[in-house]
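Trainee: Please find one structure pasted underneath; my questions will follow.
The values are calculated or read from the model by the stated rules, or taken from the named source; none is laboratory data. All figures in this text were calculated on a predicted structure; none of them were measured in a lab. No Cβ is skipped: glycine too gets one built from the backbone with ideal geometry, and neighbour counts run over all protein chains shown. To get the accessible areas, we keep the full protein, side chains included, count just its heavy atoms, and leave off ligands, DNA and RNA. Shrake-Rupley method; radii C 1.70, N 1.55, O 1.52, S 1.80 Å.
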Amino acid sequence: MNDLFSDVRMGFRQLRRAPSVAAAAVLTLALGIGSTTAVFSFVAGVMSVSRPVDDMERRVALWSHNRGESETKRAVSPADFLDWHRRATSVDQIVATRRRFFNLSGSGLPVRVSGSEVSPGYVEFFQIRPAAGRSFNDDDARRGAPRVAIASERFWRTQLASNPNLVGQTIRLDGEPVTVVGVLPPRPDFDGILVPLSLETLATDRADRSLFVWGRLKPGISIGQARGEMEAIGRALETEYPATNRGWTINTQPLRDEFIGPQARLAFGLLLAMAVTVLVIGCFNIANLLLARGVARRGEFAVRKALGAGSWRIARQLLMECGVIVLVGAAASLFVARWVIALFDSNFPLESPWVDGSVLSLRMLGVTAAGALLATVVAGLLPALTSRRINLVEGLHEAGRNVSGGSQRRIARVLVGAQVALAVVLLIVAGLLARTMNALQRLEPGFDVTHLLSARVALPATVSEEAAARWFAEAIERGRAIPGVTGAAGASRLPFAGSRFNPNRSLLIEGRATGLRPDEGAFAIDYVVSPGYFATMKLPLKEGREFSPGDDAGAPFVAVISETLARRYWAGRSPLGVRLRQGDEPQGIWRTVVGVVGDVRNDDADQPPLPYLYLPLAQHPQRAFSIVVRTTGRPEALADTLRRAIAAYDPQQPLFDVQSMEAILDADLRQSVVLIEILNGFAAVALGLAGLGIWGVVSQLVAQRSKEIGVRMALGATAAQVTGLVARVGLLPVAIGLIFGLGAGLVMARLFRSVLFGVTPADPLTLIATCGLMLTIAVCAIASPVRRALRLDPVQVLRSE
């Protein structure tokens, strides 16, 4: 133990003797271990969503799929859900949920709260037992049953003041009394209020596709067998209900893919690979630093051996020195890891259940630190291993003098070439993704996003649809009357505000076939809007007219369509005057197309515009609506004014999600932007570490070959010749690393080509910029050693020998 403590003290003294080496090694380890651990922890937390329950491999998601649509996953109608539940033999415990919002009232102003309607067995499906009270049963979902609810732990704590006697008490949702029968344990996926999903009144509704359905495979049943049976059920329903189910089938998918999809897995995998690459580059740098120190200490090793120290004694001393470096670096990495985790937590508010991305995994920290320790120890022991071949006479003669260490120089150059290759791969990936984001941000959304303020309102079910239409018309008028507002309108939902799971509607066109194959059908995404919506959004009118106040419930039914819809079904001719209807509308209702407007890009901005069908509010009333106003100044400045205007009209209906359209668009792209910025940060760190490695190798050359350089200069070598001698040592591994890095980068780019937009994997601009940047860093790295070599005084160098 005395020897061990002595080695530790000697390790700290050696670090104090070479503070620059120690600082560079500790900083490199802190950045490498900290960032890699943080990314490992975050990605591990995200990927854990694939196992929210014990037997996740037996859980599936069941979707409706219209063969005429580009999307394969559509929400399910209540009648279809009931038929699936009755007929499926390979899938049991089929449950459904539908997202809901409620107005919670009873004390003070009403509050808008989130929640879900869930079928009996939904809570049990996710293996949750209420912390208090009970779960739902079949009687709770029957028609006329007393209204009951289950509160999540967060809802109980934030909205109900952690009332310990909540079970059995009554709260008011949408103005009606509801008895709380249970409270759930803390879980991030259940954050609102749950109410029973009553399907008795909806048993014949096959057009309102609004349910999300999950199921569990029976023992011994594979997902392929279940998929085949569900597709057969879909074909049977097509035959039995051709009016609503023609062209519809059932899509059965693993449940884990519904929370973390393939694209997200690819993105997080890429992030993880870049973090590990930065750590590897950092370890290569430390190896170069320690190799250089080892060469400089060959004389010291010879003296130690002459005084009786064995090879193991020298190796143990170096091991302690490396351990001290790793220990200090790992301690510093905790601060880096916490900072990176906080960065993730603030920019990636994960909506996926069962994920806590703000937790630093100590296991990941241990694994990462162990990897760095291994790399550092291997690098530190290389000089000790080579010291075994030192001739004592030659070694003692070299003590205190500059030595060459040819084999170590070759290893250092190989490490630098590997650093450059890895850095080039990271630069190519980061460059392609940055170019992708730049292309996405240049896309025109189809309307003017500036000076728009939006807010959502949801009226309770006790308000009739006709009264809701009148309510929103009056609210829009009050918004239009606000000083500083130039226009106001409303829509059932707004672009980029989350409509990926809004159901598409089948479309029937009077007097003609859809023009598609017999097993396909026309479809469009429907928007219900108020008069003045297109003018307020500055959505260009291409043909015909927009809606007017005269398009009320008593007027002939009309519709406005998007350019994509017009091109898809009326290519080469005007659609004005054509009559159509949605598949879920009564057969006697036909809408006349009165206008065509420009296309709008929605949530998936990198995809082609989808067909849109716009309906007037008075002819298709809604209880949930978004109000949007166009302002002359900053839209956020009128948020409180808009709230007061609506409260003056109806104080019982709160506004929520009040934000500018620019904020909505930024939020839609924010996570992608931040992810690319993080990847660019990793690429910059890798580039800096590679430059540091080049500088270290060239500086080592100048220090170890100063005698040779002095002799050359004494014999008449010019500055250009000395510069070439030094530059060749630095640029040769850079050139080799560039070649290998470009090849590996092109292979990597093809692996994630599915996430690229507006750029090819072999984008010439990205490749040229990468090579230029790497060469610039290399030239800058060798500039200082070259200047130091040119300033050598041959007389002083030879005299020192």
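Trainee: Note down all Cβ pairs under 6 Å where the first residue falls in the range 326-340 and is closer than 18 Å to Phe42 by Cα, the second is small (Gly, Ala, Ser), and they're at least six residues apart or on different chains.
Mentor: Matching pairs, first to second residue: Ser333/Ala30; Ser333/Gly34; Val336/Ala30; Val336/Gly34; Ala337/Gly34; Ala337/Ala38; Val340/Ser35; Val340/Ala38.
For (1) in contact with a helix residue (DSSP H, G or I) (Cβ under 8 Å, 6 or more places away or on another chain); (2) under 12 Å from Arg59 (Cβ atoms); (3) of a type in the set (D, E, K, R); (4) open to solvent by 30 Å² or more (accessible area, probe 1.4 Å), each residue gets a yes or a no:
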{"site": "Gly220", "(1), (2), (3), (4)": "no, no, no, yes"}
{"site": "Ala232", "(1), (2), (3), (4)": "no, no, no, yes"}
{"site": "Ala236", "(1), (2), (3), (4)": "yes, no, no, yes"}
{"site": "Thr239", "(1), (2), (3), (4)": "no, no, no, yes"}
{"site": "Ile250", "(1), (2), (3), (4)": "yes, no, no, no"}
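Trainee: Follow-up. Check whether at least one residue in the range 64-82 is acidic (Asp, Glu) and modelled with pLDDT of 75 or more, and report yes or no.
Mentor: Yes, the range 64-82 contains a residue that is acidic (Asp, Glu) and modelled with pLDDT of 75 or more.
Trainee: Now for a different question. Keeping to the range 628-653, report how many residues are assigned to a helix (DSSP H, G or I) and either open to solvent by 60 Å² or more (accessible area, probe 1.4 Å) or closer than 20 Å to Ser492 by Cα (or both).
Mentor: The number of residues fulfilling the criteria is 10.
Trainee: I'd like to check something: does the range 192-200 contain any residue that is in contact (Cβ under 8 Å) with a residue 24 or more places away in the chain, out of contact with any helix residue (DSSP H, G or I) (no Cβ under 6 Å at 6 or more places or on another chain) and more than 27 Å from Pro654 (Cβ to Cβ)?
Mentor: Let us first name the residues in the range 192-200 that are in contact (Cβ under 8 Å) with a residue 24 or more places away in the chain, namely 192-200.
Those left that are additionally out of contact with any helix residue (DSSP H, G or I) (no Cβ under 6 Å at 6 or more places or on another chain): 194-195, 197, 200.
Applying the additional criterion that residues be more than 27 Å from Pro654 (Cβ to Cβ) yields 200.
Yes: the range 192-200 contains one or more residues that are in contact (Cβ under 8 Å) with a residue 24 or more places away in the chain, out of contact with any helix residue (DSSP H, G or I) (no Cβ under 6 Å at 6 or more places or on another chain) and more than 27 Å from Pro654 (Cβ to Cβ).
Trainee: Can you pull out every residue in the range 474-483 that is within 38 Å of the chain's Cα centre (by Cα) and open to solvent by 20 Å² or more (accessible area, probe 1.4 Å)?
Mentor: Arg480, the sole residue that qualifies.
Trainee: Only one residue in Arg791, Arg787 is at pLDDT below 80 and either among the basic types (Lys, Arg) or open to solvent by less than 60 Å² (accessible area, probe 1.4 Å) (or both), so which one is that? Give the steps one after another, and end with the answer.
Mentor: Working: Arg787 fails: at pLDDT below 80.
Going through Arg791, Arg787 in turn, the sole match is Arg791.
Trainee: Mind checking which residues of the range 168-184 are in a loop (DSSP other than H, G, I, E, B) and either on the phi > 0 side of the Ramachandran plot or modelled with pLDDT under 85 (or both)?
Mentor: If the condition is that a residue be in a loop (DSSP other than H, G, I, E, B) and either on the phi > 0 side of the Ramachandran plot or modelled with pLDDT under 85 (or both), then Gly168, Asp174, Gly175 are the ones that fit.
Trainee: Quick one: which of Met47, Met1, Met10 is open to solvent by 60 Å² or more (accessible area, probe 1.4 Å) and either modelled with pLDDT under 70 or out of contact with any helix residue (DSSP H, G or I) (no Cβ under 9 Å at 6 or more places or on another chain) (or both)?
Mentor: Criteria check complete, one pass: Met1.
Trainee: Here's something else I'd like to know. Being modelled with pLDDT of 80 or more, open to solvent by 40 Å² or more (accessible area, probe 1.4 Å) and not in a helix (DSSP H, G or I) narrows it down to one of Ala735, Ala762, so name that one. Before the answer, list the steps.
Mentor: Numbers: Ala735 fails: not in a helix (DSSP H, G or I).
Exactly one residue qualifies, and that residue is Ala762.
Trainee: Please list, ordered by residue number, the strands (runs of 3 or more DSSP E) wholly in the range 536-615 having 3 or more residues that are modelled with pLDDT under 90 and over 30 Å from His451 (Cβ atoms).
Mentor: Those strands (runs of 3 or more DSSP E) span 579-582.
Trainee: Next up: Just checking, does the range 310-322 include any residue being buried (at least 17 other Cβ atoms within 10 Å of the Cβ), of a type in the set (Gly, Ala, Ser), over 29 Å from Leu675 (Cα atoms) and at pLDDT 65 or above?
Mentor: There is at least one residue in the range 310-322 that is buried (at least 17 other Cβ atoms within 10 Å of the Cβ), of a type in the set (Gly, Ala, Ser), over 29 Å from Leu675 (Cα atoms) and at pLDDT 65 or above.
Trainee: All but one of (1) at pLDDT below 85; (2) in contact with a Leu (Cβ under 7 Å, 6 or more places away or on another chain); (3) crowded, with 17+ Cβ neighbours inside 10 Å hold for Glu510; state the number of the condition that does not hold.
Mentor: (3)
Trainee: Also, quick follow-up: Could you give every pair whose Cβ atoms fall below 8 Å, whose first residue belongs to the range 655-666 and is among the hydroxyl-bearing types (Ser, Thr, Tyr), and whose second residue is assigned to a helix (DSSP H, G or I) and open to solvent by less than 30 Å² (accessible area, probe 1.4 Å), counting only separations of at least 6 or pairs across chains?
Mentor: Ser660/Pro635
Trainee: Which count do you get for residues in the range 543-570 that are of a type in the set (Asp, Glu) and within 20 Å of Glu510 (Cα to Cα)?
Mentor: Going through the range 543-570 one residue at a time, the tally reaches 1.
Trainee: Please list, ordered by first then second residue, the pairs with beta carbon atoms under 7 Å, 6 or more apart or interchain, first in the range 104-122 and modelled with pLDDT of 75 or more, second open to solvent by 40 Å² or more (accessible area, probe 1.4 Å) and assigned to a helix (DSSP H, G or I).
Mentor: Pro120/Asp138
Trainee: Do we find a residue being in a helix (DSSP H, G or I) and within 30 Å of Leu675 (Cβ to Cβ) anywhere in the range 714-727? Before you say what the answer is, go through the steps one by one.
Mentor: The initial filter retains those residues of the range 714-727 that are in a helix (DSSP H, G or I), namely 714, 719-727.
Going one step further and asking which of them are within 30 Å of Leu675 (Cβ to Cβ), we end up with none.
Within the range 714-727 (the criterion being in a helix (DSSP H, G or I) and within 30 Å of Leu675 (Cβ to Cβ)), the answer is no, since none of the residues qualifies.
Trainee: For the range 163-180, check the following and say yes or no: at least one residue is touching a helix residue (DSSP H, G or I) at 6+ places or on another chain (Cβ under 8 Å) and closer than 30 Å to Asp54 by Cα.
Mentor: No, that holds for no residue.
Trainee: Could you list, in sequence order, all residues of the range 653-668 that are farther than 8 Å from Phe496 by Cβ and among the charged types (D, E, K, R)?
Mentor: Asp657, Glu662, Asp666, listed by residue number.
Trainee: The conditions are (1) at pLDDT below 80; (2) open to solvent by less than 50 Å² (accessible area, probe 1.4 Å); (3) over 18 Å from Thr564 (Cβ atoms), and Leu459 fails exactly one of them. Which is it?
Mentor: Just one mismatch for Leu459, condition (1).
Trainee: Out of (1) more than 30 Å from Asn103 (Cβ to Cβ); (2) modelled with pLDDT of 80 or more, what's the single condition that is false for Arg256?
Mentor: With (1) more than 30 Å from Asn103 (Cβ to Cβ); (2) modelled with pLDDT of 80 or more applied to Arg256, the lone miss is (2).
Trainee: So how many residues does the range 123-167 have that are without any contact (Cβ under 8 Å) to a residue 24 or more places away in the chain, loosely packed, with under 14 Cβ neighbours inside 10 Å and not in a helix (DSSP H, G or I)?
Mentor: Residues flagged as without any contact (Cβ under 8 Å) to a residue 24 or more places away in the chain, loosely packed, with under 14 Cβ neighbours inside 10 Å and not in a helix (DSSP H, G or I) within the range 123-167 amount to 5.
Trainee: Conditions first: (1) at pLDDT 90 or above; (2) crowded, with 21+ Cβ neighbours inside 10 Å. Phe625 passes all but one, so which condition is the exception?
Mentor: (1)
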